[in-house]
Amino acid sequence: MTTELLGQAPADTDGSDDGRILGLRCRACGRAESLGPSYVCPACFGPLEVAYDLEVVRRRLTRATIESRPAGIWRYLELLPVATRPARGLPVGSSPLVPAPSLGRAIGIERLLVKDDSRNPTLSFKDRAVAVAVTKAVDFGLEALACASTGNLAGATAAAAAVAGLPAYVFVPADLEPAKIDHALAYGATVVPVQGTYDDVNRLCLEVADELGWGFVNINLRPFYAEGSKTLAFEIAESLGWRLPDVIVAPIASGAMFTKIARGFDELATIGLVERTPVRFVGGQAAGCSPVATAFAQGSAEIVPVRTPDTIVRSLAIGNPADGRHAVELARASRGSVEAISDDETAEAIRRSARLEGIYPETAGGVTLAAAEAARRRGVIGPDDEVVALITGNGLKTPDAFRHGLEPRPAEPGMPGLAPAIAPSFRAFEAWLER
């Protein structure tokens, strides 16, 4: 067995980033900051992002270089905020881009592809972001890894901390799906259920991060954590033969992943790995917590927070999304949309994906697929568009969602009693009844 299969790998560089990582920069005012566990600009309180010298990256990174490297997110090392490939970690990334013809026909999209990120080690795309965050936590000498989570991040943080040898502390809303809490507990994390919404949990974690100095992946490590989502863009482009699709459809919680995919495409074009072609961005939110979709529908850039989310889609139930305004701007500028999806539509999309393609998404994936259908119905997606829909988590984490809206119909004993439980299209059964 190779070390890559075990999650072990040698470094790809000599330990120097060759000046490609410039530091942190405020997205609002442009102020430069040095690299460190910081997430907010001290001048204007805007969000900090990692800045690169893309000319240095252009000279170092080629298609051939990437294709010669092992599978996983670190094949795109030069476009990530780490100096070297970590010596140890989970085998994250390189999830399949799967044609979905049966599902596509059902929703009116002939050229539908599904980026199935439920294949990651903890069954969600959050493994990508956490892999980068934990690498920086180790670089900065932080003593513990922590997060505020709506579910998937809990398991990803706990597993990554376990491999890195760090204690993990996971703060979640108390009404989170039990399967997601159990997932984090299985990796040895300390799980702290908090009465209230995700936004209440996040506010508490801001205080804890300041007081204890732990490495919160989505707070003081957020500039690095968010960069992991770009690898979705890199893999999509590589899987398509180094080109961009016509449409990306993705769920929106904080909005970070949605906007980082766009940044990933932009960086690939800037360094010459793909041709710069227009991509429409379609986002999906649960109707019971849809501040971004509401702002888009109203033609506004202002995000009005949702104080009390009311939806089965807990993984997207962020009432005051940090990157919500940027997600609205991206959808509008790209001629895309942000769709509000009911819980009934979400559950039906989950069942349809599993039934037609053998891909079982969690609730966020159901929202995404229903958003693709809604955008096609409204003409945002055209009949000839190549569409990539992101499945960001596995349905085993949200089993109750699959049954949402269905009434149990137990069969009566005996062959005639099977009628309510067997589809009318089952011809063999119909023939038996007619005898």
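The values are calculated or read from the model by the stated rules, or taken from the named source; none is laboratory data. What you are looking at is a predicted structure, and each value in this text was computed from that prediction instead of being measured. All Cβ positions, glycine included, derive from the backbone under ideal geometry; neighbour counts span all protein chains shown.
Every condition in (1) touching a residue at least 24 places away in the same chain (Cβ under 8 Å); (2) over 21 Å from the mean Cα position of the chain (by Cα); (3) closer than 30 Å to residue 62 by Cβ is met by residue 241 except one, and the failing one is (1). Consider the stretch 80-127 and keep the residues that are among the small types (Gly, Ala, Ser) and touching a strand residue (DSSP E or B) at 6+ places or on another chain (Cβ under 9 Å). The one that is farthest from residue 53 (Cα to Cα) is 104. Residues in the stretch 99-120 that are outside any loop (DSSP other than H, G, I, E, B) and crowded, with 20+ Cβ neighbours inside 10 Å: 103, 104, 107, 112, 113, 114, 115, 116, 117, 118.
Out of 218, 152, 202, report the one residue that is touching a Lys or Arg at 6+ places or on another chain (Cβ under 6 Å), outside the structural domain of residue 292 (by TED's automatic domain parsing), closer than 30 Å to residue 76 by Cβ and at pLDDT below 95. None of the others qualify; the one that does is 152.
Out of the residues in the stretch 225-273 that are assigned to a loop (DSSP other than H, G, I, E, B) and aliphatic (A, V, I, L, M), which is surrounded by the most Cβ atoms within 10 Å (Cβ to Cβ)? Applying the filter and picking the extreme gives 252.
Checking each residue in the stretch 374-392 for being at pLDDT 95 or above and not β-branched (Val, Ile, Thr) picks out 374, 375, 376, 377, 378, 379, 382, 385, 386, 389, 390. Comparison of 292, 304 shows that the only residue that is free of Cβ contacts under 8 Å to residues at least 60 places away in the same chain and within 24 Å of residue 26 (Cβ to Cβ) is 292. Of all residues in the stretch 363-393, those being acidic (Asp, Glu) and surrounded by 22 or more Cβ atoms within 10 Å (Cβ to Cβ) number 1.
Among all positions in the stretch 158-179, there is at least one residue which is assigned to a helix (DSSP H, G or I), at pLDDT below 90 and either at negative phi or assigned by TED's automatic domain parsing to the domain that holds residue 392 (or both).
Set side by side, the residues 29, 41 differ, and just one is without any contact (Cβ under 8 Å) to a residue 24 or more places away in the chain, surrounded by 15 or more Cβ atoms within 10 Å (Cβ to Cβ) and over 23 Å from the mean Cα position of the chain (by Cα), which is 41.
Restricting the stretch 182-227 to residues that are within 16 Å of residue 160 (Cα to Cα) and hydroxyl-bearing (Ser, Thr, Tyr), which is nearest to the chain's Cα centre (by Cα)? Looking at residues that are within 16 Å of residue 160 (Cα to Cα) and hydroxyl-bearing (Ser, Thr, Tyr), I get 225.
Among residues of the stretch 348-362 being out of contact with any Leu (no Cβ under 8 Å at 6 or more places or on another chain) and of a type in the set (Lys, Arg), the one that is surrounded by the most Cβ atoms within 10 Å (Cβ to Cβ) is 351. Would you check if there is a residue in the stretch 314-335 being aliphatic (A, V, I, L, M), touching a Gly at 6+ places or on another chain (Cβ under 9 Å) and over 22 Å from residue 260 (Cα atoms)? Taking every residue of the stretch 314-335 in turn, none turns out to be aliphatic (A, V, I, L, M), touching a Gly at 6+ places or on another chain (Cβ under 9 Å) and over 22 Å from residue 260 (Cα atoms).
When the residues of the stretch 48-92 are filtered to those that are more than 24 Å from residue 275 (Cα to Cα) and part of a strand (DSSP E or B), which remaining residue is farthest from the chain's Cα centre (by Cα)? Of everything passing the filter in the stretch 48-92, 88 is farthest from the chain's Cα centre (by Cα).
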